[in-house]
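Okay, structure first, notes after.
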Amino acid sequence: MNREELKNFINEIRKNVSNKHLSIFIKRHYKNEYEEIINKTNYLLINCSFAERVCNILNNLYEISKCKECKKNHINFINLNRKYHEFCSIFCSRKNIETQEKYKKSLMEKLGVDHPSKSEEIKKKKIGTCLKNHGVENPSQSEEIKEKARQSNLERRGVRCSFQSEEVKEKSKQTNLEKRGVEYAFQSEEVKEKSNQRKLEKYGNKNYHNIEKAKKTKLRNEYYKLFNSDRLKKLVIPLFTVDEYEGTKSYGERLYYSFKCTKCNNNFIDGIYDGRIPRCHNCFPTEQFTKPHKAISKFLNKNNIDHEIEKYIKPYSVDIFTQSNKIIEVYGDYWHANPIIFLSETIMNYPDGKLLAKDKWLKDEKRINYLKNKGNEILIIWEDEVNNDWNNVQNKVLEFINKKE
């Protein structure tokens, strides 16, 4: 029988026999045809299934099916209905342009992004899973995983880090020589061009990493200059590393860090912006603050109300914070442009520049709204009130503290 006759023969049998039992049925009842099918598909691997041979006859295939991408490796057979896989491996599947486009299109439809790393939803899920499984946001931050990796490297290569292994270094060189004709990837002009292109697309500057490196170097130098100088060395010890230091301000917002007082060993949070020296509230208590601030703090102490001075609620520091998530902000008439005294178009001169009174009010409003959204209740007391209506201020404070949520 030729292939066309075999094909017709198989199709006739498929009318009454399911694909699942087709192979067994032909083998049991049609031994000659069974042998003929094997002979006609002798180009296939010896250990391949009879169903794969039948598939080749039905689909007029005359040679081993190859990977759609690499065109070298043979692909695995699935079944008579689905036939073969398109690719020999996940690597080839991901490398294929058509697959990449389908994947991007699917992501755009589902998440509105063309890559999983750009999706905030996926990022949050990954972080949540890592926190649940390892207690950290990224697996590489887990000491347990780091130690496992070190142990695996010790067992396999005799070193704790793979890049220390001469075997790995040699393999890397050989791979680069085969693929790019150089020992190290960044000796290749093609790799350099790709890297520059990615930087241009992502950051708009092909020298991005050089700029970042310069920034880091500048910050490191600033860090060592600050904390090796007598100005801060005798007063505070930084409780953050040089790598955690990000400067004194970010996009105009003041940055705060943890410090240890050299005098009383108290840990506290403060900023070092505009030449500010971090202040320990134990050694420099409320007497150092404004008179209205000091008056309210003394009033709270007199009434046995626990409170913290200058508590840091990232990214802000609040004047007075009580344990029940209640904040008292003591506003200076000039520094917060008291609307009873100043018009909206009045220009206020502050250390960090000039500002219209109305812009200062908007800035304060944004800060207050942020603190409220964090679950805090807020009472604002003006310097004018403390100076001219102290009895009313005391009543307002007590009413605010005793008010039930």
Residue check, Tyr245 of a type outside the set (A, V, I, L, M), surrounded by 14 or more Cβ atoms within 10 Å (Cβ to Cβ) and either more than 29 Å from Asn176 (Cβ to Cβ) or in contact (Cβ under 8 Å) with a residue 60 or more places away in the chain (or both): yes
Answer from Ile341, Ile381, Ile368 - the residue that is surrounded by 13 or more Cβ atoms within 10 Å (Cβ to Cβ), assigned to a helix (DSSP H, G or I) and of a type in the set (Val, Ile, Thr): Ile368
Residues within segment 25-78 that are in a helix (DSSP H, G or I) and either in contact with a strand residue (DSSP E or B) (Cβ under 7 Å, 6 or more places away or on another chain) or not assigned by TED's automatic domain parsing to the domain that holds Phe9 (or both), tallied: 3
Positions within segment 304-361 being polar (S, T, N, Q) and under 30 Å from Ser258 (Cα atoms), in sequence order: Asn304, Ser317, Thr322, Gln323, Ser324, Asn325
Residue count for segment 384-405, restricted to those that are within 20 Å of Tyr334 (Cβ to Cβ), of a type outside the set (A, V, I, L, M, F, W, C) and crowded, with 16+ Cβ neighbours inside 10 Å: 1
Condition met for Tyr334 (more than 37 Å from the chain's Cα centre (by Cα) and of a type in the set (Ser, Thr, Tyr)): yes
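Of Lys173, Lys199, which residue is surrounded by 14 or more Cβ atoms within 10 Å (Cβ to Cβ) and either of a type in the set (A, V, I, L, M) or part of a helix (DSSP H, G or I) (or both)?
Criteria check complete, one pass: Lys199.
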Selection count, segment 184-218, where residues are of a type in the set (Asp, Glu) and at pLDDT below 80: 2
Residue match in segment 318-338 (condition: surrounded by 18 or more Cβ atoms within 10 Å (Cβ to Cβ), more than 30 Å from Asn388 (Cβ to Cβ) and among the aromatic types (Phe, Trp, Tyr)): no
Residue that is under 24 Å from the mean Cα position of the chain (by Cα), at pLDDT 85 or above and small (Gly, Ala, Ser), where the choices are Gly128, Gly135, Gly181: Gly128
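Going by what's in this entry, would Lys206 be described as touching a Leu at 6+ places or on another chain (Cβ under 8 Å), assigned to a loop (DSSP other than H, G, I, E, B) and either free of Cβ contacts under 8 Å to residues at least 60 places away in the same chain or surrounded by fewer than 15 Cβ atoms within 10 Å (Cβ to Cβ) (or both)?
Considered against the rule, which asks whether it is touching a Leu at 6+ places or on another chain (Cβ under 8 Å), assigned to a loop (DSSP other than H, G, I, E, B) and either free of Cβ contacts under 8 Å to residues at least 60 places away in the same chain or surrounded by fewer than 15 Cβ atoms within 10 Å (Cβ to Cβ) (or both), Lys206 comes out as yes.
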Filtered residues of segment 212-229 (kept if under 14 Å from Gly275 (Cα atoms) and not aliphatic (A, V, I, L, M)): Glu222, Tyr223, Lys225, Phe227, Ser229
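Listed here are the residues, each with its yes/no results for (1) among the hydrophobic types (A, V, I, L, M, F, W, C); (2) more than 26 Å from Gly353 (Cβ to Cβ).
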site	(1), (2)
Lys194	no, yes
Gly204	no, yes
Asp230	no, yes
Leu235	yes, yes
Cys261	yes, yes
Ile269	yes, no
Tyr273	no, no
Pro278	no, no
Ile296	yes, yes
Filter pass, Trp335 being among the aromatic types (Phe, Trp, Tyr) and modelled with pLDDT under 90: yes
Segment 314-356, residues that are of a type in the set (Phe, Trp, Tyr) and under 19 Å from Lys366 (Cα atoms): Tyr316, Phe321, Tyr331, Tyr334, Trp335, Tyr350
The lone exception for Gly332 - which of (1) within 27 Å of Lys249 (Cα to Cα); (2) touching a Lys or Arg at 6+ places or on another chain (Cβ under 7 Å) it fails: (2)
When residues of segment 273-293 are limited to those that are outside any loop (DSSP other than H, G, I, E, B) and modelled with pLDDT under 85, the one surrounded by the most Cβ atoms within 10 Å (Cβ to Cβ): Thr286
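The values are calculated or read from the model by the stated rules, or taken from the named source; none is laboratory data. Keep in mind that what you see is a predicted model, and the values were worked out from it rather than measured. All Cβ positions, glycine included, derive from the backbone under ideal geometry; neighbour counts span all protein chains shown.
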